[in-house]
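Okay, so here's the structure we're looking at.
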Amino acid sequence: MYNFSYQKVSSVADAVDAIKKADDGKFVAGGQTMLPTMKHRLASPSDVIDLGGIDELKGISVDGDTVTIGAMTTHAEVAASSDVQGTIPALANLAGNIGDPAVRNRGTIGGSIANNDPAADYPAAVIGLGATIKTNKREISGDEFFTGMFETALEDDEVITAVLFPKAEASAYMKFENPASRYAIVGVFVAKSGDIVKVGVTGATACAHRGLRLEKALNGNFAAEAVDEVEIPVEKMNSDIHASAEYRAHLVKVMTKRAVEACS
Amino acid sequence: MAENGVGASVRRKEDHRFLTGKGSYTDDLNVVGQTHAYFVRSPHAHATINNINTSAALAADGVVAVLTGDDLAADGIGPLICGVSVTSDDGEPHRAPVHSALAQGKVNYVGDHVAVVIAETLTEAKDAAEKVEVDYGILPAVTDTATAADDGQEQIHEVAPNNQCFNWPFGDKAAVDAAFESAHKVSSLDLVNNRMVTNPMEPRAAVGEYNSGTEEITLHLTTQNPHVHRLVMSAFNQLAPEHKLRVVGPDVGGGFGVKIFVYSEELVVGWACRKVNRPVKWTSDRTEAFLADAHGRDHVAHAEMAMDENGTFVAMRVNTTANLGAYLSTFATMVPSYLYAFLLAGQYSTPLIYSEVKAVFTNTAPVDAARGAGRPEATFLLERLVDVCAEDMGLDPAEIRRRNFIPVDAFPYQTPVVQCYDSGDYNAALDKALALADYEGFAGRAEEAKSRGKYRGIGISSYVEACGIAPSAAVGQLGAGVGLWESAQVRFNPTGNVQVFTGTHSHGQGHETTFAQLVTEQLGVPIENIEVIHGDTSKTQFGMGTYGSRSLAVGGVAIAKACEKLIEKGKKIAAHALEAAVGDIEFSDGNFTVAGTDKTMNIAEVAFNAYVPHSYPEGLEPGFDENAFFDPMNFSFPAGTHICEVEVDPDTGVVEIVKYSAVDDFGKLINPMIVEGQVHGGIVHGVGQALLEGCQYDSDGQLITASYMDYAMPRADNVPSFDVDYAPTNPPHNPLGVKGCGEAGAIGAPPAVINAISNALGIKHIDMPATPENVWRAAQTATS
């Protein structure tokens, strides 16, 4: 790790102020990706601005059919929340299966979404449930938030404050884990409300995306076999030592079918 | 049985300190005035070093020294050695390139040691290391085992034409070829034994201190064999004379072979602490461990079995290419030769075996022994081939094994590949394992699984290994540079408690408990009054250390022999005190008794008399402290049958091990709980190799599985609860009747798992690791 300046702020305004003053500043939320990257000397921010002291970013609330999760809420808190379990159980399950206990007790939903790791779990839920990402500046729809590998719609001085998840009638997340890292090789979040089916896919491509072909098939017939006919474009799939593009494309369908089955 | 003696599952004495955070590992040691070492490592797999400019690094904050291979050579520090000679088919010894602890003019793998920066803090050392300017001339890399020796490949070492270290034939080729020509049936198989990074939980570390007053170097190391480290560093590396070099292996967090070897970093720390006259500390980070720990396995082989019409094995032929990496690690040459080819008979009475092993250099990390060392490679090849034979002959895998097992009345059994098995009952272990696994009921379970869309398979692995390493004369004949006896000293203190000094080293095996159990059994001293001491060349007598499942089978016997000497001496002391003839003294349960009387004396009182010899046998030396050495007459031959049952999800290729049964013959068990733990750990290690662990370099020689993000270690949810049982036989050569258990699981498990997957999918073979994608692809063509 290279030397850097550290400051812990207690409000979003102070955080924005601090990053504007920094040469090459970075916000740190749970630090579960950022700190290992810094320890490996692969990142060397001049300033690390810790969002951990901002109370307004923490906590979970339910208002009607919307679950609002503060950006600095940990995965463990989401997993254990009776509000989340009661409203969107698939989201609680997803959070409870991220990383390991150490990661879940430090890592936050805001940090995960802002980092936009192509194999992260939360982005699939954000897209699949049609969540809205609230920042200090605006509200961004889940579909528009994830723009590329480790790239998001966030501006440099923009801080996620909360994620608003609309309740779905039924939803499920199915993750095919990388045997080494236990990140998603493919993760599929399926949510159904009325006749509307949404599918969020993570792990498969450069960043999480909506499975529009899958949605189209499922909108008419919400059944696992409806997925069989869908063609997943292999050329868009990631390929690495753990899974070829062809295998990933296949897994997208398998995980979708299993998620559909788990919804019913 | 004494309370807490042989056969008791005594809770481990060492666990109190480990579980309460009081273990003391090398990295826990911080010395006043300590500096930190950080190595500049090659980012290239193969390159000349045209120039190293250290001036910017030397000027950096906190830097004490920047040292290179030139400094090392100038100080006369010798290159790292390989301690076992193998004669190649041209009659010449194996080719051994010079392996300097810091590169001289050339680097040969990613992670190779270019320079070391010594600084006041680790951060300063790392910062300065980035300022060392190295001008590399990049050369093409050789990384592929199978083709490394092909014509036209880049040459890595001048002394090794065609990148060949040795080509070692063994056996009667003409007789084997003739048997194949007249065979009823020949089964054959091509297979890969995957390369693994061993990954003990504690990474390697070293702390060197030089005392300019006594001119003594003290080196704390993550070592499995402190005396071997000291011997090699003194005799071959000229670090310091043996009596001026103290090597301490304190608590060590797992070894699995990786910590046997003498590494660059350790030698450099020992040398540098004298050079800068400051203590020097180095601790490997996990990336360095992936890059520069010795790796394991990495074979490509073609195996053939010739059979008669009954499925009886009449001859076997094996052609193997073994990757030794960029340089020869300490025991590299022995692993794919003597520890491999001499185990190719397995449990079978195959009369003729011919093996040819070609060992090659590549631009990858050195490869050496890892849990099992050679024996897992032999067992995987043989037990996979036997299943192919069964399929080809239309025989049940259990039946073809039975037909070829060495019968119980044939022991001692001379195999055609040097080893003479002393004892075994292979049918007994197989029968017990089949019952434990409910082999009969498998068809029903497979049917039920099919109804759930799963392919269920069952796989048998009947292994034998050579442990209790090793008879010195035998290994000397083979080309080892050392003897492999073991030593012990059993010392009573005047107050009656006992210190047991062993030349072995415990790094997870529980010796502090098992060896104490031996002593309490033999001497009747309560176990809490016995302390086992190991791992410090200044405390313990010379010993050969721990590897090859040798500590109990060799080191334990040395302890027992020292105890015998104490009993003999104690009889003389007791006879004098009890006014009886020595011949009338009997010893049991810690008491010396005059036969037929109630006149008795506890061994603690005898010890006191020996140290306060006011009234004492004339001419007898005072003191109650005996040492013993034991050189085994033969290896020990643990064996067993492991049966694995899997369910394959054909949609994803995920393999679930649903049942695992192991029946082993380890001879007598001293602590069944510890043995079962070793079996569990070994099986998990083997399952890791079979399903998860695959070390991969790309064609440029970059290690692409250099972290836990990409290198999959087995975890608790990868394995079921194991069913473990035993089918012991008595090894006549071993005075304690023990065989060794530490490596068995890692040897037995891989073929059991792969046989089960092959069975589930109805395929001939799938290479390890059987990753989900590979299994999924195989399942596409499956006949199940």
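The values are calculated or read from the model by the stated rules, or taken from the named source; none is laboratory data. Remember, it's a predicted structure, so these values are computed and weren't measured experimentally. Positions of Cβ are generated from backbone atoms using ideal geometry, with glycine treated the same way; all protein chains shown enter the neighbour counts.
So which residues in region B:227-258 are under 20 Å from the mean Cα position of the chain (by Cα) and part of a strand (DSSP E or B), if there are any at all? Write out each step before concluding.
Residues of region B:227-258 under 20 Å from the mean Cα position of the chain (by Cα): B:227-232, B:248-258.
Listed by number, the residues that qualify are B:Val248, B:Asp251.
Which count do you get for residues in region B:451-472 that are assigned to a helix (DSSP H, G or I) and without any contact (Cβ under 8 Å) to a residue 24 or more places away in the chain?
Residues meeting the conditions: 1.
One line per residue, one yes/no per condition, for (1) without any contact (Cβ under 8 Å) to a residue 24 or more places away in the chain; (2) on the phi < 0 side of the Ramachandran plot; (3) surrounded by 19 or more Cβ atoms within 10 Å (Cβ to Cβ):
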{"site": "A:Gly107", "(1), (2), (3)": "no, yes, yes"}
{"site": "A:Pro123", "(1), (2), (3)": "no, yes, yes"}
{"site": "A:Ile127", "(1), (2), (3)": "no, yes, yes"}
{"site": "A:Gly130", "(1), (2), (3)": "no, no, yes"}
{"site": "A:Ile133", "(1), (2), (3)": "no, yes, yes"}
{"site": "A:Lys137", "(1), (2), (3)": "yes, yes, no"}
{"site": "A:Ser141", "(1), (2), (3)": "yes, yes, no"}
{"site": "A:Phe145", "(1), (2), (3)": "no, yes, yes"}
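Quick one: which strands (runs of 3 or more DSSP E) sit completely within region A:2-64 and have at least 1 residues that are out of contact with any Ser or Thr (no Cβ under 7 Å at 6 or more places or on another chain), under 30 Å from B:Ala125 (Cβ atoms) and polar (S, T, N, Q)?
On the way: elements: A:5-8, A:25-28, A:47-50, A:60-63.
So the answer is A:5-8.
Given B:Ala470, B:Ala449, B:Ala466, B:Ala516, which one is surrounded by fewer than 24 Cβ atoms within 10 Å (Cβ to Cβ) and not hydroxyl-bearing (Ser, Thr, Tyr)? Full working, then the answer.
Details: B:Ala470 fails: surrounded by fewer than 24 Cβ atoms within 10 Å (Cβ to Cβ); B:Ala466 fails: surrounded by fewer than 24 Cβ atoms within 10 Å (Cβ to Cβ); B:Ala516 fails: surrounded by fewer than 24 Cβ atoms within 10 Å (Cβ to Cβ).
Testing whether each residue is surrounded by fewer than 24 Cβ atoms within 10 Å (Cβ to Cβ) and not hydroxyl-bearing (Ser, Thr, Tyr) leaves just B:Ala449.
I'm trying to understand the selection: among the residues of region B:120-132, which are away from chain A (no Cβ under 14 Å) and under 22 Å from B:Gly701 (Cβ atoms)?
We begin by selecting, within region B:120-132, every residue away from chain A (no Cβ under 14 Å); these are B:120, B:132.
Residue satisfying the conditions is B:Val132 alone.
If a residue must be more than 14 Å from chain A (Cβ to nearest Cβ), buried (at least 20 other Cβ atoms within 10 Å of the Cβ) and over 23 Å from the mean Cα position of the chain (by Cα), how many such residues does region B:673-727 contain?
Within region B:673-727, residues that are more than 14 Å from chain A (Cβ to nearest Cβ), buried (at least 20 other Cβ atoms within 10 Å of the Cβ) and over 23 Å from the mean Cα position of the chain (by Cα) number 2.
Taking helices (runs of 4 or more DSSP H) that do not extend beyond region B:308-416, which have at least 2 residues that are touching a residue at least 12 places away in the same chain (Cβ under 8 Å) and touching a Leu at 6+ places or on another chain (Cβ under 8 Å)?
Working: elements: B:338-341, B:375-393, B:397-404.
Output list reads B:375-393, B:397-404.
Conditions (1) assigned to a strand (DSSP E or B); (2) crowded, with 22+ Cβ neighbours inside 10 Å; (3) at pLDDT below 95; (4) not assigned by TED's automatic domain parsing to the domain that holds B:Glu265, marked per residue:
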| residue | (1), (2), (3), (4) |
| --- | --- |
| B:Asp61 | no, no, no, no |
| B:Val66 | yes, yes, no, no |
| B:Asp70 | no, no, no, no |
| B:Gly78 | no, no, no, no |
| B:Cys82 | no, yes, no, no |
| B:Arg95 | no, no, no, no |
| B:Ala101 | no, yes, no, no |
| B:Gly111 | no, yes, no, no |
| B:Ala115 | yes, yes, no, no |
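Quick one: is B:Ala146 more than 14 Å from chain A (Cβ to nearest Cβ) and not in a strand (DSSP E or B)?
So B:Ala146 fits the description; yes.
Run B:Glu3 past the list (1) of a type in the set (Asp, Glu); (2) farther than 30 Å from B:Thr520 by Cβ; (3) not assigned by TED's automatic domain parsing to the domain that holds B:Tyr109 and report the number of the one that doesn't hold.
Exception for B:Glu3: condition (2).
So in region A:29-43, with the set limited to residues that are under 22 Å from the mean Cα position of the chain (by Cα) and touching a residue at least 40 places away in the same chain (Cβ under 8 Å), which one is farthest from the other protein chains (Cβ to nearest Cβ)?
The selected residue is A:Ala29.
In this structure, does A:Val190 turn out to be within 14 Å of chain B (Cβ to nearest Cβ) and either at positive phi or touching a residue at least 24 places away in the same chain (Cβ under 8 Å) (or both)?
On the way: within 14 Å of chain B (Cβ to nearest Cβ): no; either at positive phi or touching a residue at least 24 places away in the same chain (Cβ under 8 Å) (or both): yes.
Taking the combined requirement at face value, the residue does not satisfy it.
Just need a number here: residues in region B:79-118 that are farther than 20 Å from B:His46 by Cβ, among the aliphatic types (A, V, I, L, M) and in contact with a Pro (Cβ under 9 Å, 6 or more places away or on another chain).
1
Could you list all residues from region B:754-775 that are within 14 Å of chain A (Cβ to nearest Cβ), under 19 Å from B:Val719 (Cβ atoms) and in a helix (DSSP H, G or I)?
B:Pro772, B:Val775
Residues in region A:237-251: is at least one without any contact (Cβ under 8 Å) to a residue 24 or more places away in the chain, within 23 Å of B:Gln696 (Cβ to Cβ), hydrophobic (A, V, I, L, M, F, W, C) and part of a loop (DSSP other than H, G, I, E, B)?
yes
Just to verify a result, which residue in region A:233-248, among those that are buried (at least 22 other Cβ atoms within 10 Å of the Cβ) and of a type in the set (A, V, I, L, M, F, W, C), is nearest to the other protein chains (Cβ to nearest Cβ)?
A:Ala243
If only one of B:Ala206, B:Ala183 is in contact with a Leu (Cβ under 6 Å, 6 or more places away or on another chain) and not hydroxyl-bearing (Ser, Thr, Tyr), which one is it?
B:Ala206
Can you list residue pairs whose Cβ atoms sit under 7 Å apart, with the first residue in region B:489-503 being outside the structural domain of B:Ile567 (by TED's automatic domain parsing) and the second being crowded, with 16+ Cβ neighbours inside 10 Å? Count only pairs 6 or more apart in sequence or on different chains.
Listed pairs, sorted by first residue: none to list.
Report yes if A:Ala224 is within 12 Å of chain B (Cβ to nearest Cβ) and surrounded by fewer than 20 Cβ atoms within 10 Å (Cβ to Cβ), otherwise no.
Numbers: within 12 Å of chain B (Cβ to nearest Cβ): yes; surrounded by fewer than 20 Cβ atoms within 10 Å (Cβ to Cβ): yes.
In short, yes.
Residue check: is B:Ala778 touching a helix residue (DSSP H, G or I) at 6+ places or on another chain (Cβ under 6 Å), part of a helix (DSSP H, G or I) and within 14 Å of another protein chain (Cβ to nearest Cβ)? Quick ask: steps written out before the conclusion?
Working: touching a helix residue (DSSP H, G or I) at 6+ places or on another chain (Cβ under 6 Å): yes; part of a helix (DSSP H, G or I): yes; within 14 Å of another protein chain (Cβ to nearest Cβ): yes.
When the stated conditions are applied, B:Ala778 passes them.
So A:Lys175 fits all but one of (1) within 12 Å of chain B (Cβ to nearest Cβ); (2) out of contact with any Leu (no Cβ under 9 Å at 6 or more places or on another chain); (3) within 24 Å of A:Thr73 (Cα to Cα); what number is the exception?
A:Lys175 satisfies all of (1) within 12 Å of chain B (Cβ to nearest Cβ); (2) out of contact with any Leu (no Cβ under 9 Å at 6 or more places or on another chain); (3) within 24 Å of A:Thr73 (Cα to Cα) except (2).
A:Ile60 fails exactly one of the following numbered conditions: (1) away from chain B (no Cβ under 14 Å); (2) within 30 Å of B:Tyr38 (Cβ to Cβ); (3) under 19 Å from the mean Cα position of the chain (by Cα). What is the number of that condition?
Result: A:Ile60 passes all but (2).
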